[in-house]
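The values are calculated or read from the model by the stated rules, or taken from the named source; none is laboratory data. Computed from a predicted structure; not experimentally measured. Using ideal geometry, Cβ is built from the backbone for each residue, glycine included, and neighbour counts are taken over all protein chains shown. Surface areas here come from the heavy atoms of the whole protein model, side chains and all, with no ligands, DNA or RNA. Shrake-Rupley method; radii C 1.70, N 1.55, O 1.52, S 1.80 Å.
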Amino acid sequence: MTLRRALGGPWLALLGHLLDQVQKHRARRILDQCAAVGRDVRLRMPVVVYDPQSLRLGDCVDIGEFVVLRASGGLTIGSRVLIAAHAVLTTRGHPKTLPRYGQIEDAPLLVEDDVWIGAGAIVLPGVSVGRGAIVAAGAVVTHSVPPFCIVAGVPARPVGEVHGSGPIRRSES
Ligand SMILES: CC(C)(COP(=O)(O)OP(=O)(O)OC[C@H]1O[C@@H](n2cnc3c(N)ncnc32)[C@H](O)[C@@H]1OP(=O)(O)O)[C@@H](O)C(=O)NCCC(=O)NCCS
């Protein structure tokens, strides 16, 4: 007898509902610890956030599954920002010289309004991603990205510009 038959549809539905509630609760707990959170912020769990007390989120932010945000050095994410699954935004670094273990060199990271960060991209400490910019899937961003620039590759280089956008609203956060 399959598990589905043994438990029956309603029990599986209840289990799914409970798991859903647990994920929502975990997302809410993370957001409650953040330095600032705007309205309509969605964490598609599981999302991992280190040092949420140093994370600031604007309005209408959508953060995909398996994203890792390491905010110890100060991570600010503006409004209407999309961060796709498996992206990593980190403010954490270590010295290149020894001793390294246990030594920390954090630097802030800023993602301005209307940015789209593609799946699996990595954004490194000290970087700013300018307003309206796009970071392509799989890019590794080592330098700041100008507004409305599209960057791709490892290391990320400009491959285009964002054209023809409608009026970009000012951040309401
Ligand atoms: C960034 C992106 C939007 C660019 O789209 P586009 O403007 O149609 O890009 P193009 O196909 O015209 O590519 C422009 C150049 O950048 C390169 N490029 C585009 N995306 C790239 C990527 N992820 N990595 C490396 N190079 C990339 C293209 O090969 C092309 O180079 P070429 O001119 O030498 O051929 C798209 O490639 C992307 O990465 N989207 C993210 C999708 C995603 O993560 N979805 C998850 C859910 S939100």
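Filter the range 32-44 for residues that are buried (at least 18 other Cβ atoms within 10 Å of the Cβ) and in contact with a helix residue (DSSP H, G or I) (Cβ under 9 Å, 6 or more places away or on another chain); which is nearest to His86 (Cα to Cα)?
Leu43
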Quick check: anything in the range 68-81 among the charged types (D, E, K, R) and within 21 Å of Arg26 (Cα to Cα)?
-> yes
Residues in the range 100-112: is at least one open to solvent by 50 Å² or more (accessible area, probe 1.4 Å), assigned to a loop (DSSP other than H, G, I, E, B), closer than 25 Å to Asp59 by Cβ and within 16 Å of the ligand (Cβ to nearest atom)?
-> no
Out of (1) surrounded by fewer than 24 Cβ atoms within 10 Å (Cβ to Cβ); (2) touching a strand residue (DSSP E or B) at 6+ places or on another chain (Cβ under 9 Å); (3) closer than 20 Å to Arg42 by Cβ, the one Cys149 does not meet is (3)
Taking the residues in the range 86-99 that are more than 11 Å from Leu75 (Cβ to Cβ) and under 21 Å from the mean Cα position of the chain (by Cα) as candidates, determine which candidate is most open to solvent (accessible area, probe 1.4 Å).
-> His86
Members of the range 115-129 that are away from the ligand (no atom under 14 Å from the Cβ) and not aliphatic (A, V, I, L, M) | Pro125, Gly126, Ser128
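Can you pull out the residues in the range 77-98 that are outside any loop (DSSP other than H, G, I, E, B) and either over 13 Å from Asp40 (Cβ atoms) or more than 13 Å from the ligand (Cβ to nearest atom) (or both)?
Ile77, Ile83, Val88, Leu89, Thr90
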Go through (1) within 17 Å of the chain's Cα centre (by Cα); (2) open to solvent by 10 Å² or more (accessible area, probe 1.4 Å); (3) within 12 Å of the ligand (Cβ to nearest atom); (4) not small (Gly, Ala, Ser) one by one and return the number of the condition Pro155 breaks.
-> (1)
Does the range 55-70 include one or more residues that are away from the ligand (no atom under 16 Å from the Cβ), out of contact with any Pro (no Cβ under 6 Å at 6 or more places or on another chain) and assigned to a loop (DSSP other than H, G, I, E, B)?
-> yes
Which residue pairs have Cβ atoms closer than 9 Å, lie 6 or more positions apart in sequence or on different chains, and pair a first residue in the range 93-112 that is under 20 Å from Ser144 (Cβ atoms) and at pLDDT 95 or above with a second residue that is surrounded by fewer than 17 Cβ atoms within 10 Å (Cβ to Cβ) and among the hydrophobic types (A, V, I, L, M, F, W, C)?
-> Gly93/Ile104; Gly93/Ala107
Just name the residue that is nearest to His94 (Cα to Cα) out of those in the range 130-152 that are part of a loop (DSSP other than H, G, I, E, B) and within 9 Å of the ligand (Cβ to nearest atom).
-> Ala139
